[in-house]
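Peer 1: Structure in structure tokens, see below.
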Protein chains: 2
Amino acid sequence: MNIGASLSILLVLSTVHAFQYNQLAQYVDEHQEEYVEALRDWVAVESDSSNVLRRPELHRMMEMVAQKLQQMGGAVESVDVGDQELPDRQTLALPKVVTARFGSDPNKHTLCVYGHVDVQPAKLEDGWATEPFNLTEINGNLYGRGASDNKAPVLAWMHAVEAYQKLSMALPVNVKFIIEGMEETGSNGLEAMILAQKDTFFSDVDYIVVSDCGWLSRRPAITYGTRGNCYFLAEVHGPKQDLHSGVYGGTVIEPMIDLIGILGESSASQHQKKPLCLFFSLAEHNKTIINFIKQRTSIVCPFFTVLKVDLLAHKWRYPTVSIHGIEGAFSDPGTKTVIPSKVCAKFSIRQVPNMDPTVVEKKVSDHLHSVFSKRQSPNTLKVSMVIGAKPWLADIHHPLFEAGKAAIKRVFSVDPDFIREGGTIPISRTFQDVTGKSIIMLPIGGFDDGLHSQNEKMSRYNYIEGTKLFIAFLNELSQITEAAV
Amino acid sequence: MNIGASLSILLVLSTVHAFQYNQLAQYVDEHQEEYVEALRDWVAVESDSSNVLRRPELHRMMEMVAQKLQQMGGAVESVDVGDQELPDRQTLALPKVVTARFGSDPNKHTLCVYGHVDVQPAKLEDGWATEPFNLTEINGNLYGRGASDNKAPVLAWMHAVEAYQKLSMALPVNVKFIIEGMEETGSNGLEAMILAQKDTFFSDVDYIVVSDCGWLSRRPAITYGTRGNCYFLAEVHGPKQDLHSGVYGGTVIEPMIDLIGILGESSASQHQKKPLCLFFSLAEHNKTIINFIKQRTSIVCPFFTVLKVDLLAHKWRYPTVSIHGIEGAFSDPGTKTVIPSKVCAKFSIRQVPNMDPTVVEKKVSDHLHSVFSKRQSPNTLKVSMVIGAKPWLADIHHPLFEAGKAAIKRVFSVDPDFIREGGTIPISRTFQDVTGKSIIMLPIGGFDDGLHSQNEKMSRYNYIEGTKLFIAFLNELSQITEAAV
């Protein structure tokens with residue numbers, strides 16, 4: 001877009017397309033029941049990308065996304081991104097990536113909205129108060145797996161575009177959508193697709209917005225950085241089959257004891273200052289921080305940092321390791337007395353800027369193999385990194401962030417928190433590296449939405465006001481001048 | 001029984017009741033299809049005593065046992081042994097203990113047959129080649145959960161008694177049955193019941209036989225000792241709910257890392273000779289032993305003892321620890337990124353003579369709490385021993401063992417292996433302590449039956465020849481003179 005074009009847009013905006021925010025906001029308020037029903041339909045689809053048995057549901061979810069965008073009059077494509085290779089060497093079709101375009105006015109900026117509609121696993125027996133795939137409203141909160149992460153935000157973007165359409169107002173910017181179904185397991189296939197479409201779909205994109213995160217408090221936020229994630233499987237393989245622990249106990253080296261031994265040695269507690277601790281860099285535990293966090297998150301859990309600045313640093317700036325669980329061992333209620341023959345630990349390390357997943361993969365694998373070899377166990381260890389997502393960090397002085405700030409000010413009458421995210425939106429870094437475009441994260445999820453855990457929810461307030469925020473953001477974007485960028 | 005009575009028995013045996021083994025054995029051979037069908041009916045009942053959701057099935061199983069004994073004309077009682085207290089303080093009715101009596105001739109010895117009809121958990125997806133609760137015959141083996149442990153042996157004892165009845169031969173000894181449904185979880189309720197019936201049901205019992213174990217090789221065996229079992233839960237409780245590992249990772253002390261840390265420190269590898277290793281006393285690993293075990297068990301697994309005598313000592317004479325699994329953590333396929341809020345490790349320590357479960361409970365709990373307290377974690381640890389079963393050791397010079405040896409010689413034409421058992425039959429020790437009666441273990445299960453693991457089976461050969469063995473044993477028992485005991 002040249003300077004002449006920019007000037008003509010500014011002229012247009014100040015006359016024909018004067019922003020009628022109140023009218024749009026009223027439209028949103030009047031249609032909120034319809035929006036909740038749309039979310040209910042989407043949450044009902046168990047689009048768990050980590051469970052291969054749910055893959056048909058995931059395909060169906062992508063079709064529903066394409067259908068919705070088509071109904072809105074978008075130019076929609078369902079892009080085949082190939083197959084996923086499973087650990088057992090079998091292959092499985094990846095869910096298609098859905099792209100759409102609304103408007104192609106060369107005199108307008110073009111925003112690309114990224115979102116995902118796959119979800120984390122969830123079962124009622126994990127401790128949900130309601131059926132996780134049946135959206136249930138309690139006290140203004142809409143409970144359901146994927147409600148906040150990321151189905152409601154994706155829908156809110158669609159509602160925002162649709163509001164302009166229904167009120168016969170021209171979109172202030174061209175809007176493109178790119179919606180995927182593998183985010184929760186590392187956006188398999190998406191990077192290659194972005195590379196392939198760098199000079200086609202992305203050629204006219206000016207900005208990319210991601211709304212796959214949450215606020216830090218009750219104050220709206222703009223996110224300028226995320227941690228990456230390297231997800232590992234450490235598998236110890238021993239006897240050919242599970243064995244009776246009475247009959248064989250004492251005569252076999254148990255894979256479970258090997259696995260727990262190497263994990264125990266690799267993840268020290270906060271009071272162990274030994275250099276063998278590969279993962280942790282921890283401050284002293286102090287109860288004062290619990291009160292701070294209680295105010296901020298309403299979740300009581302044991303924190304170990306002392307100061308607010310430390311706490312936020314540990315959430316956003318430092319790496320961390322979590323051990324999620326062990327597959328293959330006895331995990332049901334009851335007292336089975338078996339020696340499991342093959343056990344697989346799952347753990348992940350959150351990445352921060354200047355960490356390279358390839359290096360992390362080698363270091364972790366070398367470390368575990370080194371600890372394992374000292375045991376001189378006859379069992380075998382296999383370490384594999386199944387997700388390797390890079391961290392992302394943006395410049396908050398970019399006009400894109402000014403636009404976000406202005407939009408928040410209009411809808412919520414406050415200045416936003418400028419925050420980073422401890423979680424991972426793998427594709428943000430890829431967008432930045434491949435397309436060279438500017439990226440902003442504009443969350444609408446609440447600080448207490450319970451992403452990835454039991455009783456995930458999206459509040460009706462955040463869903464509806466978030467839709468208005470996106471409407472306002474589209475307008476603010478249109479006022480960015482070429483000179484400012 | 002006085003000397004006069006004994007002499008009159010000897011007289012009777014040598015004339016009217018001359019033992020017609022061949023006729024009885026032929027009867028058994030002719031009815032083997034019927035026996036397999038009976039086993040099929042029993043295996044079809046998922047009588048898993050460790051899973052409270054299967055309790056109705058367990059009650060139904062006990063009713064089937066009572067019904068069978070009634071059909072055989074026994075004096076049957078279903079004894080209420082009270083309630084089980086669950087970890088959440090709720091109570092659940094224990095399965096009734098079924099007792100029965102066949103014959104009450106004061107001039108004959110009285111044998112009490114103990115068995116159990118509850119089973120370990122089993123699911124097809126654990127790696128079973130056939131549906132675990134659908135008895136399936138392949139190459140002469142009858143595959144199904146509980147087939148060998150302990151449903152077929154219990155049925156074989158019933159078939160043995162029934163064979164005498166059907167051929168109108170007097171039973172050489174009075175036979176009593178005591179069949180329970182909580183063996184796999186520590187025979188909850190049975191000890192109190194035995195104590196209560198010490199002077200009633202058990203008053204005229206001379207000998208107790210248990211057939212809840214297996215041979216060491218293809219040669220029939222008599223078992224004279226078992227290890228006990230102390231089963232522990234170690235639960236670490238942290239945040240109120242599961243947390244997203246990206247959002248909260250680095251700011252909470254994760255219960256899973258605490259748990260793995262304390263378990264890792266408490267179970268050293270075989271090459272760590274440190275005294276902190278509470279559980280292990282291990283010899284060097286050597287591959288030669290693998291060949292020995294391959295011949296003996298056809299299961300290839302990593303063994304670490306050098307000599308045959310060491311191997312058997314590690315199976316029978318030394319304690320061992322097994323870590324079975326972790327409840328509460330992520331155990332499914334896939335890559336969930338969650339920090340579990342509450343995780344519960346399950347491990348068990350096999351007991352040997354002179355170990356006292358009460359002492360073991362205190363030592364394990366103290367040790368884990370001591371290791372845990374060094375971590376200065378804000379999480380909480382709870383250690384509980386949910387099974388505390390004592391070991392048992394008998395005198396192989398007792399005439400009861402001579403009777404077993406003679407019966408084996410008659411049916412199989414070989415001398416038995418005299419063996420001990422690495423597994424636990426908790427009640428054998430209780431029988432000995434409470435009733436003061438002599439106990440023998442007369443197994444009919446094969447060495448490769450896969451108790452507690454996938455593809456458990458009972459061979460048709462062992463089931464049918466085992467029935468004949470019990471028939472012969474009843475006769476041998478009747479010939480024990482008072483003087484010999």
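The values are calculated or read from the model by the stated rules, or taken from the named source; none is laboratory data. Everything numeric here is computed off the predicted structure, so don't read it as measured data. Every residue, glycine as well, gets a Cβ built from its backbone with ideal geometry; the counts of neighbours run over all protein chains shown.
Peer 1: Is it the case that some residue within the range B:13-25 is modelled with pLDDT of 95 or more and buried (at least 17 other Cβ atoms within 10 Å of the Cβ)?
Peer 2: To start, the set of residues in the range B:13-25 that are modelled with pLDDT of 95 or more comprises B:21-25.
Now drop any that are not buried (at least 17 other Cβ atoms within 10 Å of the Cβ), which leaves B:24-25.
Yes, because at least one residue in the range B:13-25 is modelled with pLDDT of 95 or more and buried (at least 17 other Cβ atoms within 10 Å of the Cβ).
Peer 1: Quick one: is A:G238 of a type outside the set (D, E), at the interface with chain B (Cβ under 8 Å from one of its Cβ atoms) and within 30 Å of A:V360 (Cβ to Cβ)? Can you show your working first?
Peer 2: Working: of a type outside the set (D, E): yes; at the interface with chain B (Cβ under 8 Å from one of its Cβ atoms): yes; within 30 Å of A:V360 (Cβ to Cβ): yes.
For A:G238, the condition - of a type outside the set (D, E), at the interface with chain B (Cβ under 8 Å from one of its Cβ atoms) and within 30 Å of A:V360 (Cβ to Cβ) - is met.
Peer 1: Which count do you get for residues in the range B:388-412 that are within 14 Å of chain A (Cβ to nearest Cβ) and under 14 Å from B:P353 (Cβ atoms)? Walk me through how you get there before you give the answer.
Peer 2: First, pick out the residues of the range B:388-412 that are within 14 Å of chain A (Cβ to nearest Cβ): B:388-392.
With the extra rule that they be under 14 Å from B:P353 (Cβ atoms), the set shrinks to B:389-392.
Of the residues in that region, 4 qualify.
Peer 1: Restricting to the range A:52-77, count the residues that are over 20 Å from A:Y164 (Cα atoms) and surrounded by fewer than 19 Cβ atoms within 10 Å (Cβ to Cβ). Let's see the steps before the verdict.
Peer 2: Going through the range A:52-77, the residues over 20 Å from A:Y164 (Cα atoms) turn out to be A:52-64, A:77.
Now narrow it down to the ones that are surrounded by fewer than 19 Cβ atoms within 10 Å (Cβ to Cβ): A:52-53, A:55-56, A:59-60, A:63-64, A:77.
So the answer is 9.
Peer 1: Filter the range A:195-213 down to the residues that are touching a helix residue (DSSP H, G or I) at 6+ places or on another chain (Cβ under 9 Å) and surrounded by 16 or more Cβ atoms within 10 Å (Cβ to Cβ) and list them by number.
Peer 2: A:F201, A:F202, A:V205, A:D206, A:Y207, A:I208, A:V209, A:V210, A:S211, A:D212, A:C213, listed by residue number.
Peer 1: Name the residue that is modelled with the highest pLDDT, counting only residues in the range A:413-459 that are within 12 Å of another protein chain (Cβ to nearest Cβ) and out of contact with any Ser or Thr (no Cβ under 7 Å at 6 or more places or on another chain).
Peer 2: A:N455
Peer 1: Identify the residue in the range B:405-436 that is of a type in the set (S, T, N, Q) and more than 14 Å from B:Y224 (Cα to Cα) and, among all such residues, is surrounded by the fewest Cβ atoms within 10 Å (Cβ to Cβ). First the steps, then the outcome.
Peer 2: To start, the set of residues in the range B:405-436 that are of a type in the set (S, T, N, Q) comprises B:413, B:424, B:428, B:430, B:432, B:435.
Then keep just the ones that are more than 14 Å from B:Y224 (Cα to Cα); that gives B:413, B:430, B:435.
Numbers: B:S413: 7, B:T430: 19, B:T435: 20.
Checked the range B:405-436; the qualifying residue surrounded by the fewest Cβ atoms within 10 Å (Cβ to Cβ) is B:S413.
Peer 1: Yes or no: the range B:2-9 includes at least one residue that is crowded, with 19+ Cβ neighbours inside 10 Å and either at pLDDT 95 or above or within 26 Å of B:N134 (Cβ to Cβ) (or both).
Peer 2: No; the residues of the range B:2-9 include none that is crowded, with 19+ Cβ neighbours inside 10 Å and either at pLDDT 95 or above or within 26 Å of B:N134 (Cβ to Cβ) (or both).
Peer 1: Follow-up question, since we're still on this one. Is there a residue being of a type outside the set (S, T, N, Q), within 14 Å of chain B (Cβ to nearest Cβ) and out of contact with any Ser or Thr (no Cβ under 7 Å at 6 or more places or on another chain) anywhere in the range A:197-207? Spell out how you get there, then give the answer.
Peer 2: Start the filter on the range A:197-207 by keeping residues that are of a type outside the set (S, T, N, Q), which leaves A:198-199, A:201-202, A:204-207.
Adding the requirement that they be within 14 Å of chain B (Cβ to nearest Cβ) leaves none.
No: zero hits.
Peer 1: Need at least 2 residues that are in the same structural domain as B:V119 (by TED's automatic domain parsing) and modelled with pLDDT of 95 or more per element, so show me which strands (runs of 3 or more DSSP E) inside the range B:41-95 make the cut, counting only ones lying wholly within it.
Peer 2: Working: elements: B:75-79, B:83-85, B:91-93.
Of the strands (runs of 3 or more DSSP E) lying wholly inside the range B:41-95, those with at least 2 residues that are in the same structural domain as B:V119 (by TED's automatic domain parsing) and modelled with pLDDT of 95 or more span B:75-79.
Peer 1: Something else about it: Considering only the range A:376-392, how many residues are buried (at least 18 other Cβ atoms within 10 Å of the Cβ) and within 20 Å of the chain's Cα centre (by Cα)?
Peer 2: 7
Peer 1: Could you tell me whether A:S453 is more than 28 Å from A:M193 (Cα to Cα) and under 15 Å from the mean Cα position of the chain (by Cα)?
Peer 2: Working: more than 28 Å from A:M193 (Cα to Cα): yes; under 15 Å from the mean Cα position of the chain (by Cα): yes.
Spelling it out, A:S453 is indeed more than 28 Å from A:M193 (Cα to Cα) and under 15 Å from the mean Cα position of the chain (by Cα).
Peer 1: Checking the conditions here, which among A:T297, A:T305, A:T288 is out of contact with any Cys (no Cβ under 8 Å at 6 or more places or on another chain), within 12 Å of chain B (Cβ to nearest Cβ), surrounded by fewer than 24 Cβ atoms within 10 Å (Cβ to Cβ) and modelled with pLDDT under 55? If you could, list the steps in order and put the result at the bottom.
Peer 2: Numbers: A:T305 fails: surrounded by fewer than 24 Cβ atoms within 10 Å (Cβ to Cβ); A:T288 fails: within 12 Å of chain B (Cβ to nearest Cβ).
Within the list A:T297, A:T305, A:T288, the selection yields A:T297.
Peer 1: Out of the range A:314-331, which residues are part of a loop (DSSP other than H, G, I, E, B), at the interface with chain B (Cβ under 7 Å from one of its Cβ atoms), surrounded by fewer than 24 Cβ atoms within 10 Å (Cβ to Cβ) and touching a residue at least 12 places away in the same chain (Cβ under 8 Å)?
Peer 2: A:Y318
Peer 1: Right, here's the next one. Among the residues of the range B:362-387, write down those that are assigned to a loop (DSSP other than H, G, I, E, B) and modelled with pLDDT of 95 or more. Walk me through it before giving the result.
Peer 2: Looking only at the range B:362-387, we keep the residues that are assigned to a loop (DSSP other than H, G, I, E, B), and these are B:375-379.
Hits for the range B:362-387: nothing passes.
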